[in-house]
Amino acid sequence: MSEKKKMRATIPEEEYMFPGTVDCQGCGAAYAMRLALKALGPKTMVVIPACCWSIIAGPFPTSALKMPIYHTAFETAAAVASGVKAGLSIREKEATVLAWAGDGGTFDIGVQSLSAAAERNEDFIYVCYDNEAYMNTGIQRSSATPWGAWTTTTPRKHPKDRPKKNMMEIMAAHRIPYAASATVGHPEDFVRKLKKAREIRGTRFFHVLATCPTGWRSPPELMLEVPRLAVETCVFPLYEIDNGVYSISKKPKEKLPVTEYLKVQGRFRHLTDQQIQYIQEHVDETWELLLKKEKLGRLF
Amino acid sequence: MSTVKVITGNHAASFGARDSRAEVIAAYPITPQTQIVELLSEFCADGTLKAKFIKVESEHSAMAACIGASAAGVRAYTATSAHGLALMHEMLHWAANGRHPVVMANVNRAMGPPWSIWTDQNDSLAQRDTGWLQFYCESNQEVYDTTMIAFKACEQVLLPGMLVLDAFILSHTYEPVEMPDQELIDEFLPPFDPPYKMDLDDARAFGALTTPEWYMELRYLIQEAHEKALVTVREVEKEFGETFGRYYGTLELYRCDDAEEVILIAGSTASTAKDAVDIMRKGGRKIGLARIKLFRPFPNEEIRDIASRVNKMIVIDRNVSFGNQGIFFNEIKASLYSAKNRPPVYGFVAGLGGRDMKIDDITGIVEQADTCDIEEILWWGVKL
Amino acid sequence: MSEAKFRGAHDLPPCSISVTHELTKTGNWRNSKPVFHKEKCIQCGICWKVCPNACIKLGEYPEWDMDYCKGCAVCAEECPKDAIEMEDERVMV
Ligand SMILES: Cc1ncc(C[n+]2csc(CCOP(=O)(O)OP(=O)(O)O)c2C)c(N)n1
Ligand code: SF4
Ligand code: SF4
Ligand code: SF4
Ligand SMILES: [Mg+2]
């Protein structure tokens, strides 16, 4: 009797996140956690500041994760994670401490404590799931909101008029051992990078583009497709900075025009051709710069 | 064998944290607290203290890191003052509401602007409603002793505790401090072992969103813990006294047995006021002093008890609640409302921003209370 | 872990400390449900991999947990063989 063929699994099979979380349909932030925990495994403790995940993780007395979670104040993920790690080391307990914050908690209000922790090279993995706005409070702009995007505080008549802050570069400037970008459209890539990061000591930073159908005004079923388009258009390049060496994880065979990415999201609906041209130029410049950095070898 | 060192109040705090075997310290420097941090860094660097010192970038992160460490199941300590304490405010709530028995020294310093580095109590009293225990110390020895008393009591009731010392008057003044044998201290203060901690074998979510169905009950538990803390602190103080021979109490009474009037005061000014009491007693006044050591939880019963035995109470506040009166003054009056015997209570705001409080000031306040209108808001020594 | 049963304050842990994994049955959020066409399936596992909420079980063939499936249609969108079809579940009155 031949064994029945099983479905293929290209990511770890074990689940550490339960179904029944109250994230919106097609939520990239929820999916990112599912992937991250698969990659990091059961010896992980999670620190979550105020963000959509404060809700997704489940109300008292429930918890959506099989791992311990510490819910903390908005700007404190890196500081609390530092304290947790210090406490565990005193107790001689081995665990990966995972700080899990949104773009607001990372780029804006939490940037001070994150920068300090990175400068101290605290031993934790920090994942910023970036949905490019304050979603938990109803889609307000953050410094991660891209140029031209609509949010409730950057209305269509006056959309965001400053470019997205380059958080990867800010983190690299701290000379931390590892930083990587990832998206929920590239699960195997994200899992591979996390597994790699798990074996490194010191501060490891992840910048993960996480689809938010609610805030981006994109169809939920395109949860993976939208970030794939972000990578194919070079709007959001996938790369690693491993001990000062830049390496691009995915170079599009044929770079798509940014419109391919913009047009599937209602938040960019109002843009004029001229504005789209401006975005294209900015994306091209940034991409060229990244290609150059990759060629330079070790940068720090 | 115990040792005696002549040290500042700040160093008394550092030694207190060392001998309490703090396991994680996260702190940020601010005048006049800096020496606490500096000495602790040395203790950690030379291995005298087996602790992790997290050199954070702000007081907000200091408290956040202490909370993380406490959640991970270890004894956490920090120290700050004035603006640092104010910056921590959000995390002070977090520590108490999360039931983390972090202990902190706060050097009482006036709030700016204008910049002032000198003492008053507005910084710590502004944190009254955060759920922290507050201990006001009178001497360097008391700072040292109260560190371990606070750890022991706080860990029993799962609440954080703040011990308070006056800027410069204690923080930078040298006094002899007796430090008992570490073995005896270890017996008095066993290792921290909280009922819940972040544990891979018992994975729980701490602080998850809680609907109105249970939030209020969780707050009620904190109120209960504070009520219990009043008893616990007394028990711990008693045990400390029996072991080490020094006893402070939650409301310390000085020459109150036959007193007809009593001064109520907190902090190091109590020492000066005790001298003033001695002088006034020589002059024939039957006056005593009650020093508020524990401000939260508030020793209501003891306040009512002393009130029932005197004809007049004089409260000296090194603080003010703008738009109302001195904070201790208000607290004491609130305490007395349900008391059978309510003597007249006079309140004086004095010594703000480090304005000297000498014996003459105390006797002057007592004399003014003889004649002044009880409805008046009295600012002692203010130049008009 | 068992379902937490609290009658009053004294049954609670000292802080909000979660004890159970019984989450919301999000199945009733759906407007449409995934319908599986086994004959088209090549067992590639993609649907299992991409469900944001882990509602698909990995077996010989995918199995959906309809108590929780929110009907986001990510699985249907990503299936390379169109073996998953979204069927409208809304009741027309
Ligand atoms: C000090 C403080 N300010 C404001 C808030 C309100 N707040 C909660 S979550 C949030 C936005 C979070 O944005 P982000 O970090 O991007 O996470 P997302 O909600 O998008 O997942 C805000 C503004 C808060 N909790 N604390
Ligand atoms: S608002 Fe966006 S990030 Fe938040 S739960 Fe909904 S989809 Fe996820
Ligand atoms: S429809 Fe969405 S929630 Fe339901 S199984 Fe498919 S991917 Fe999962
Ligand atoms: S994605 Fe489609 S083909 Fe692949 S296992 Fe799922 S149903 Fe079958
Ligand atoms: Mg966000």
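Kindly provide the helix-only [θ] at 222 nm of chain A, computed as the sum of -39,500 (n - 2.57) over DSSP H runs of four or more divided by all residues, to the nearest 500 deg cm²/dmol?
Working: 10 runs with 98 residues, N = 300.
After summing the helix terms and dividing by the residues of chain A, the value is -9500 deg cm²/dmol.
Accessible area of C:CYS47, 1.4 Å probe, to the nearest 10 Å²?
10 Å²
Of B:ARG255, B:ARG318, which has the most accessible area and how do the rest follow, probe 1.4 Å? Walk me through the numbers on the way to the answer.
Numbers: B:ARG255 110, B:ARG318 15 Å².
Order by accessible area, largest first: B:ARG255, B:ARG318.
What do you get for GluC sites (Glu not before Pro) in segment A:1-96 restricted to DSSP loop and a cutoff of at most 15 other Cβ within 10 Å of the site's Cβ? Provide the component values of the computation, followed by the final result.
Working: sites: A:GLU3, A:GLU13, A:GLU14, A:GLU15, A:GLU75, A:GLU92, A:GLU94; in loops: A:GLU3, A:GLU13, A:GLU14, A:GLU15, A:GLU75, A:GLU92, A:GLU94.
Within segment A:1-96, the qualifying GluC sites (Glu not before Pro) (loop, at most 15 other Cβ atoms within 10 Å) are A:GLU3, A:GLU13, A:GLU14, A:GLU15, A:GLU92, A:GLU94.
Give the ranking of A:ASP130, C:ASP11 by solvent-accessible surface, highest area first, calculated with a 1.4 Å probe.
Details: A:ASP130 0, C:ASP11 55 Å².
So, going from the largest accessible area down, we get C:ASP11, A:ASP130.
To the nearest 0.05, what FRET efficiency results for B:ARG355 and A:LEU290 with a Förster distance of 56 Å applied to their C-beta separation? Walk me through the intermediate numbers first.
Working: r = 61 Å, r/R0 = 1.09.
Efficiency computed from Cβ-Cβ geometry: 0.40.
Can you find, among B:ILE316, A:ASN131, B:ILE377, the residue sitting farthest towards the positive end of the charge dipole of the protein assembly as shown, where Lys and Arg contribute +1 and Asp and Glu -1 at Cβ?
It is A:ASN131.
Of the options B:SER70, B:VAL177, B:SER139, report the single residue whose Cα projects farthest towards the positive end of the charge dipole of segment B:3-244 (beta-carbon charges: Lys, Arg +1; Asp, Glu -1).
The Cα lying farthest towards the positive end belongs to B:SER70.
From the cross-link list A:LYS165/A:LYS293; A:LYS4/A:LYS193; A:LYS255/C:LYS40; A:LYS251/A:LYS295, which pairs have alpha carbons spaced over 22 Å apart? Could the numbers behind the result be given before it?
Working: A:LYS165/A:LYS293 18 Å; A:LYS4/A:LYS193 32 Å; A:LYS255/C:LYS40 32 Å; A:LYS251/A:LYS295 14 Å.
Over 22 Å Cα-Cα: A:LYS4/A:LYS193; A:LYS255/C:LYS40.
Arrange the residues A:THR152, B:THR210 by how much accessible surface each exposes, largest first, with a 1.4 angstrom probe.
Details: A:THR152 75, B:THR210 30 Å².
The ordering from most to least exposed comes out as A:THR152, B:THR210.
Which are the unpartnered cysteines of chain C, meaning those with no other cysteine Cβ under 4.7 Å from their Cβ?
Result for chain C is C:CYS15, C:CYS41, C:CYS44, C:CYS51, C:CYS72, C:CYS79, no neighbouring Cys Cβ within the cutoff.
If you average 1/r over every pair of different alpha-carbon atoms in segment B:3-244 and take one over that average, what Kirkwood value in Å do you get? The partial results should precede the final answer.
On the way: mean 1/r = 0.0560 Å⁻¹.
The answer is 17.8 Å.
Tell me the Kirkwood hydrodynamic radius of segment A:9-50 in angstroms, computed as one over the mean inverse distance between distinct C-alpha pairs.
11.4 Å
Mind putting a number on the dipole of chain A about its Cα centre? Charges go on the C-beta only, +1 for Lys and Arg and -1 for Asp and Glu, and I need it in Debye to the nearest 20.
On the way: 40 positive and 33 negative charges, 71 e Å.
Using Cβ point charges on Lys, Arg, Asp and Glu, chain A gives about 340 debye.
Report the relative contact order of segment B:136-190, percent, no decimals, based on alpha-carbon pairs under 8 angstrom and at least 6 residues apart. Intermediate results must be reported in sequence, preceding the final value.
Details: 36 pairs, mean separation 24.8, N = 55.
Computed value for segment B:136-190: 45 percent relative contact order.
For segment B:251-379, what value does the Rg/Rh ratio take when both radii are computed over Cα atoms and Rh is the Kirkwood radius, given to two decimals?
0.92
Round to the nearest 10 and report in Å² the accessible area of B:SER271, as given by a 1.4 Å probe over the protein chains' heavy atoms.
Accessible surface of B:SER271 is approximately 50 Å².
Can you send over the solvent-accessible area of A:GLU240, 1.4 Å probe, protein chains only, in Å² to the nearest 10?
Answer for A:GLU240: close to 10 Å² accessible.
Could you pull out every one of the lysines with an alpha carbon less than 28 Å from that of B:LYS312, ignoring same-chain neighbours closer than 8 positions?
Excluding near neighbours in sequence, the set is B:LYS274, B:LYS282, B:LYS286, B:LYS293, B:LYS333, B:LYS340, B:LYS358, B:LYS383.
Can you pull the percent of the protein assembly as shown's accessible area that's carbon plus sulfur, 1.4 Å probe, other chains left in place? Intermediate results must be reported in sequence, preceding the final value.
Working: 16080 of 30980 Å².
In the protein assembly as shown, the share of accessible area belonging to carbon and sulfur is 52 percent.
In deg cm²/dmol and to the nearest 500, what is the mean residue ellipticity at 222 nm of chain C if only DSSP H runs of at least 4 residues count, each as -39500 (n - 2.57), divided by the residue total?
Values: 2 runs with 10 residues, N = 93.
Mean residue ellipticity, 222 nm, calculated: -2000 deg cm²/dmol.
Net charge within 11 Å of B:GLY351 by Cβ-Cβ distance, Lys/Arg positive one each and Asp/Glu negative one each, not counting B:GLY351 itself?
Numbers: positive: B:ARG318, B:ARG355, B:LYS358; negative: B:ASP120, B:ASP166, B:ASP317, B:ASP356, B:ASP361.
That works out to -2.
How big a patch of accessible area, both sides summed and in Å² to the nearest 100, lies buried between B and A at a 1.4 Å probe?
Details: alone 16880 and 14390 Å², together 28360 Å².
When B and A are taken together, about 2900 Å² of accessible area is lost.
What spacing in nm lies between the two simple spin-label points modelled at B:LYS238 and C:TRP29, each 7 Å away from Cα in the Cβ direction?
5.6 nm
Along the positive direction of the dipole of chain B (beta-carbon charges: Lys, Arg +1; Asp, Glu -1; about the Cα centre), which of B:MET216, B:ALA45, B:VAL349 reaches farthest?
Most positive-ward Cα: B:VAL349.
Can you give the FRET efficiency for B:HIS83 and B:PHE322, using 1/(1 + (r/R0)^6), R0 = 22 Å, r = Cβ-Cβ distance, to the nearest 0.05? Let's see the in-between values first.
Working: r = 18 Å, r/R0 = 0.81.
Computed FRET efficiency for B:HIS83 and B:PHE322 comes out at 0.80.
Treat every Asp and Glu Cβ in the protein assembly as shown as -1 and every Lys and Arg Cβ as +1, leave all other atoms uncharged, and give the resulting dipole magnitude about the Cα centre to the nearest 20 debye.
Numbers: 89 positive and 102 negative charges, 414 e Å.
Here the protein assembly as shown has a charge dipole of around 1980 debye.
Given springs between every Cα pair under 10 Å in a Gaussian network model of chain B, which of B:ARG75, B:ARG304, B:ARG204 has the largest fluctuation?
Of the options given, B:ARG204 has the highest mean-square fluctuation.
What does the convex hull of the Cα atoms come to per residue for segment A:28-295, in Å³?
Numbers: hull volume 31.0 nm³, N = 268.
Convex hull of Cα atoms, per residue: 116 Å³.
Put a dot 7 Å past each Cα toward the Cβ at A:ARG8 and A:GLU169; how far apart are the dots in nm?
Label at A:GLU169, label at A:ARG8, 3.9 nm between them.
Using Cα centres only, tell me the gap between segment A:226-300 and segment B:83-107 in whole Å.
43 Å
Compute the accessible area of each residue in segment B:191-209 twice, once for its chain alone and once with every protein chain present, using a 1.4 Å probe on heavy atoms, and list those whose area falls by at least 50 Å².
B:TYR196, B:MET198, B:LEU200, B:ALA203, B:ARG204, B:ALA205, B:PHE206, B:ALA208, B:LEU209
Let me confirm one metric for peptide B:41-52, namely the mean number of other chain beta-carbon atoms within 10 Å of its residues' beta-carbons. Provide the component values of the computation, followed by the final result.
Working: counts 0, 0, 0, 0, 0, 0, 0, 0, 0, 1, 2, 7.
If you average over the peptide's residues, the count of other-chain Cβ atoms is 1.
Kindly work out what percent of the DSSP beta bridges joining two residues of the protein assembly as shown are antiparallel, to the nearest 5.
The antiparallel fraction comes to roughly 30 percent.
Over the alpha-carbon set of the protein assembly as shown, divide Rg by the Kirkwood Rh and report the Rg/Rh ratio to two decimals. Can you show the working numbers first?
Working: Rg = 30.5 Å, Rh = 28.8 Å.
Radius of gyration relative to Kirkwood radius: 1.06.
What is the calculated FRET efficiency for A:SER247 to B:SER116, with r their C-beta to C-beta distance and R₀ = 56 Å, to the nearest 0.05? Kindly include the intermediate steps, with their values, before the conclusion.
Values: r = 54 Å, r/R0 = 0.97.
Result of the calculation: an efficiency of 0.55.
Could you give the longest part of chain B that holds none of the chymotrypsin sites (Phe, Trp or Tyr not before Pro) found in DSSP loops with at most 15 neighbouring Cβ atoms within 10 Å?
Details: sites that count: B:TRP115, B:TYR174, B:TYR247, B:PHE322, B:TYR337.
In chain B, the maximal stretch lacking such sites is B:1-114.
Going Cα to Cα from C:LYS25, which lysines come in below 16 Å? Please leave out same-chain ones fewer than 8 positions away.
Straight-distance partners of C:LYS25: C:LYS33, C:LYS70.
Connecting C-alpha atoms closer than 10 Å in a GNM of chain C, tell me which of C:LYS81, C:LYS70, C:LYS33 has the biggest fluctuation.
Residue with maximal mean-square fluctuation among C:LYS81, C:LYS70, C:LYS33: C:LYS81.
Plugging the Kirkwood radius over Cα pairs into Stokes-Einstein for segment C:25-88, at a temperature of 4 °C and a viscosity of 1.567 mPa s, what D comes out in µm²/s?
On the way: Rh = 11.5 Å.
Once the numbers are plugged in, D ends up at 113 µm²/s.
Give A:LYS85/A:LYS195; A:LYS157/C:LYS49; A:LYS85/A:LYS164 a once-over and call out the pairs whose C-alpha atoms are over 28 Å from each other. Before the final figure, lay out each step's value.
Working: A:LYS85/A:LYS195 19 Å; A:LYS157/C:LYS49 40 Å; A:LYS85/A:LYS164 31 Å.
Those over the limit are A:LYS157/C:LYS49; A:LYS85/A:LYS164.
Calculate for chain B the 222 nm mean residue ellipticity that helices alone would give, adding -39,500 (n - 2.57) per DSSP H run of length 4 or more and normalising by residue count, nearest 500 deg cm²/dmol.
-13000 deg cm²/dmol
Taking Cα pairs under 8 Å and at least six residues apart, what relative contact order does chain C come out at, in percent?
On the way: 129 pairs, mean separation 31.6, N = 93.
In percent, rounded to a whole number, it is 34.
Quick one, can you get me the convex hull of the C-alpha atoms of segment A:129-247 expressed as volume per residue in Å³? Write out the running numbers ahead of the final one.
On the way: hull volume 13.2 nm³, N = 119.
Given the Cα convex hull of segment A:129-247, per-residue volume reads 111 Å³.
Of the candidates A:VAL245, A:VAL191, A:VAL127, which one comes out as most mobile in a Gaussian network treatment of chain A with C-alpha springs shorter than 10 Å?
A:VAL245
With a cap of 11 neighbouring Cβ atoms within 10 Å, and only residues DSSP puts in a loop, list the GluC sites (Glu not before Pro) found in segment A:122-215. Walk me through the numbers on the way to the answer.
Numbers: sites: A:GLU122, A:GLU132, A:GLU169, A:GLU188, A:GLU199; in loops: A:GLU122, A:GLU132, A:GLU199.
Qualifying residues, ordered by number: A:GLU199.
Report, in debye and to the nearest 20, how large the dipole of segment B:251-379 comes out about its Cα centre when Lys and Arg carry +1 and Asp and Glu carry -1 on their Cβ.
Working: 18 positive and 20 negative charges, 62 e Å.
Charge dipole of segment B:251-379: 300 debye, to the nearest 20.
When only alpha-carbon atoms count, how far does segment B:169-252 stretch along each of its three principal axes, as whole angstroms with the largest first?
52, 34, 29 Å, listed from the longest principal axis down.
Evaluate the relative contact order of chain A (contact order divided by residue number), counting alpha-carbon pairs under 8 angstrom at least 6 apart; express in whole percent.
Working: 589 pairs, mean separation 48.6, N = 300.
Averaging sequence separation for qualifying contacts and normalising by length gives 16 percent for chain A.
The values are calculated or read from the model by the stated rules, or taken from the named source; none is laboratory data. Given the structure is predicted, the values throughout are model-derived calculations rather than measurements. Every residue, glycine as well, gets a Cβ built from its backbone with ideal geometry; the counts of neighbours run over all protein chains shown. Please note that ligands, DNA and RNA were not included when accessible areas were found on the heavy atoms of the full protein model with its side chains. Shrake-Rupley method; radii C 1.70, N 1.55, O 1.52, S 1.80 Å.
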